[in-house]
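Peer 1: This is the structure, below, for whatever I ask next.
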Amino acid sequence: MDQEFSTADIRLQLARILQGDDFSASAPRRVFLQFIVEETLEGRGARLKGVTLAQTVFGRDETFEQQNDPVVRLEARRLRSDLDRYYAGSGRWDAIRISIPKGGYTPRFEPQETHQPLPLGAAPAAPSSGPSGIKNTLIMAVAALLVATAALAWSQLTPRDQTSALDAPKGPVIAVLPFLHLSEDPKRAYFAQGITQQLTTELVRFRDLWVLPLGTIAQLNSTSSDPQALAQELGAEFVLEGSVMETGETLSIAARLIDLNTGRYIWVRDYETDTTPTEIYATQDKIIQDVVGNLAGKYGILAKKAMETAERKAPNHLDAYDCVLRYYRYQIAIDLRRHPEIKACVEQATRTDPDYAEAWAVLSNLYMQEIRFELGTEPKTSLRNAKHAANRAVELDPESSAAHLMLANIYFALGDITGFKDAGRTALSLNPNSSTALAHYGMRLAFSGAWDEGILLVERAKTLNPVHPNWFSFPEVFSLYNRREYQQVLALLETIDMPDFFWVHLFQAASHGQLGNNKQAQLATEKLLVLKPNLVARASAIIQNWQLSKEFDRHLKQGLRKAGLDLPT
């Protein structure tokens, strides 16, 4: 427990919150808060998992499945809001801030900067004898009784019960409303129903989204047509809605994403198709891919705001999910100067949330980058760490596409192309619409010699997500250079906004060298050597890390020599 206060101080702060006029949490959430604080103070914070909390605090039985019943996730989200309101009001002068980091249920106890701090030893004001004071006293008594009962139930749980299931997804909460059928022919209703079901199924594949089950939304009756009620009742942050209307021989389909924090549409698409069965199903598939590709994944619209928020947070306020978001933001341009900072953050994430599979998966890639880009670590140590992290990710979540993808990357680096393809295909089968998985696997598939097949996968990744990271374009750079289309290489490099990534300048130097553009080749070489001072001595190793053929190796070195680099033969 990372605290600098005594247990007594924290219990006094908890009592102050529970009695505070600005703490409007329901009785179950009060029990929830007191329970997780007490468990953490007793050294059992690491056991606070979704399944156990559902059974212990919220009365669910052994049949509870958190993928179908989001009670813990939603109540935790509401409790965070309750605490924020308290600290914005009467708690703004309190010396201790109790918070619940996103992605977990173990509370933090941190000092709060105040202008009029209350002394830590001061007891909360005694309740008045009026109605509100009596009410607070009763709430405290009931809460204490319920927590004692919950603690007894917790102590009787077996170790299997405590760790039997993964925590809920850690990203934004999205509700997929049933697409409205506006056509006169009721037989066309299947199309709207099919789109809704397929969209929900595909979005659920992404571990960084919480997709509210259709059954949960349907139970709200009128709420299902009121986005703001979804925010209040289910904690949704985004709503995906749409409609299908038939006019003559044309079907018009609309899809819209609403940001419930602002109440504004942030993504709108319209589609039209003929009413023939072939066209209908082809359009349905296009809509699914378009919506999922633009919205989901770490580079989709839903993650964009979260990434920006994580980047603005101070290091001591980052939780595990924030660190993973920072990793994906770093991956957009791969500024290797930030690698130590990002690796340290994700390593800390695996310590604070050791069951977070995706943190282990991306940590594996950060270790492999130490080898790929020769960042000064001992390769055997980096490889051992990468293997451990990837295997841990698969162990924690066998259905994680990211975990199997990182295993594939390790097999590739080892030259085990069969193992690479097996693990890569598993990653794609688990999430065929993941642009990240398609790009990683497609790039390495191309480098292994299957240029056409690999490039097609990367192009699909770029189509799925128009705001993809810049590195998605590098497989095409390699392919064009391999085909000796040097002018096209230079034109494509101009579109890649990665000024501090050495691959850009390496291929500029080699292509200008091949074209005899001596001045441009010299400028590119100078920039390259600033970023990679040891390139002359390490060129072969850098190329071999990517399993490229001996012919490609010879061809690339030829261009670099023509650019003025004195590479050993």
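The values are calculated or read from the model by the stated rules, or taken from the named source; none is laboratory data. Just so it is clear, the model here is predicted, and its values are computed rather than measured. Neighbour counts run over all protein chains shown; Cβ positions are idealised from the backbone, glycine included. These area figures cover heavy atoms from the full protein model, side chains too; ligands, DNA and RNA do not enter into them. Shrake-Rupley method; radii C 1.70, N 1.55, O 1.52, S 1.80 Å.
Peer 1: Test Leu506 against the criterion of being within 32 Å of the chain's Cα centre (by Cα), buried (at least 19 other Cβ atoms within 10 Å of the Cβ) and in contact (Cβ under 8 Å) with a residue 40 or more places away in the chain, and give yes or no. Give the steps one after another, and end with the answer.
Peer 2: Values: within 32 Å of the chain's Cα centre (by Cα): yes; buried (at least 19 other Cβ atoms within 10 Å of the Cβ): yes; in contact (Cβ under 8 Å) with a residue 40 or more places away in the chain: yes.
Against the criterion (within 32 Å of the chain's Cα centre (by Cα), buried (at least 19 other Cβ atoms within 10 Å of the Cβ) and in contact (Cβ under 8 Å) with a residue 40 or more places away in the chain), Leu506 qualifies.
Peer 1: While we're looking at this one, here's another question. Picking from Leu529, Leu535, which residue would you name as being open to solvent by less than 10 Å² (accessible area, probe 1.4 Å) and either touching a Leu at 6+ places or on another chain (Cβ under 8 Å) or of a type in the set (Phe, Trp, Tyr) (or both)? Full working, then the answer.
Peer 2: Numbers: Leu529 fails: open to solvent by less than 10 Å² (accessible area, probe 1.4 Å).
On inspection, the qualifying residue turns out to be Leu535.
Peer 1: Right, something else. Quick one: which residue in Leu548, Leu565 is open to solvent by less than 40 Å² (accessible area, probe 1.4 Å) and closer than 29 Å to Ile417 by Cα? Explain how you work it out, then say what you get.
Peer 2: Working: Leu565 fails: closer than 29 Å to Ile417 by Cα.
When all the criteria are applied, what remains is Leu548.
Peer 1: Another question, then. Among the listed residues Ala349, Ala359, identify the single one that is out of contact with any Phe, Trp or Tyr (no Cβ under 8 Å at 6 or more places or on another chain), open to solvent by less than 10 Å² (accessible area, probe 1.4 Å) and in a helix (DSSP H, G or I).
Peer 2: On the way: Ala349 fails: out of contact with any Phe, Trp or Tyr (no Cβ under 8 Å at 6 or more places or on another chain).
Checking each option against the conditions leaves just Ala359.
Peer 1: Out of Thr40, Thr56, which single residue is in contact (Cβ under 8 Å) with a residue 24 or more places away in the chain, more than 22 Å from the chain's Cα centre (by Cα), closer than 20 Å to Gln112 by Cβ and buried (at least 21 other Cβ atoms within 10 Å of the Cβ)? Let's see the steps before the verdict.
Peer 2: Working: Thr56 fails: closer than 20 Å to Gln112 by Cβ.
One residue alone meets the criteria, Thr40.
Peer 1: Oh, and also: Which condition number does Ala320 fail, the rest of (1) open to solvent by 70 Å² or more (accessible area, probe 1.4 Å); (2) within 19 Å of the chain's Cα centre (by Cα); (3) modelled with pLDDT of 70 or more being met?
Peer 2: Tallying (1) open to solvent by 70 Å² or more (accessible area, probe 1.4 Å); (2) within 19 Å of the chain's Cα centre (by Cα); (3) modelled with pLDDT of 70 or more, Ala320 fails exactly one: (1).
Peer 1: Next up: Could you pull out the residue among Val72, Val51 that is assigned to a helix (DSSP H, G or I), closer than 24 Å to Val204 by Cβ, among the hydrophobic types (A, V, I, L, M, F, W, C) and open to solvent by 10 Å² or more (accessible area, probe 1.4 Å)?
Peer 2: Working: Val72 fails: open to solvent by 10 Å² or more (accessible area, probe 1.4 Å).
It is Val51.
Peer 1: Cβ-Cβ under 9 Å, sequence separation 6+ or interchain: first residue in segment 327-347 and in contact (Cβ under 8 Å) with a residue 40 or more places away in the chain, partner of a type in the set (A, V, I, L, M) and part of a loop (DSSP other than H, G, I, E, B). Which pairs?
Peer 2: Qualifying pairs under 9 Å: Ile332/Met498; Ala333/Met498; Ile334/Met498; Asp335/Met498; Leu336/Leu375.
Peer 1: Cβ-Cβ distance below 9 Å, separation of 6 or more or different chains: which pairs start in segment 402-421 with a residue that is β-branched (Val, Ile, Thr) and end on one that is surrounded by fewer than 16 Cβ atoms within 10 Å (Cβ to Cβ)?
Peer 2: Qualifying pairs under 9 Å: Ile410/Asp416; Ile410/Gly419; Ile417/Gly449.
Peer 1: While we're on this one: Test Thr463 against the criterion of being free of Cβ contacts under 8 Å to residues at least 60 places away in the same chain, open to solvent by 60 Å² or more (accessible area, probe 1.4 Å) and under 30 Å from Asp290 (Cα atoms), and give yes or no.
Peer 2: So Thr463 fails the test.
Peer 1: Tell me the helices (runs of 4 or more DSSP H) entirely within segment 376-492 that contain at least 3 residues that are at pLDDT 95 or above and within 29 Å of His505 (Cα to Cα).
Peer 2: Details: elements: 379-396, 401-413, 417-430, 435-447, 451-464, 474-482.
Answer list for segment 376-492: 379-396, 401-413, 435-447, 451-464, 474-482.
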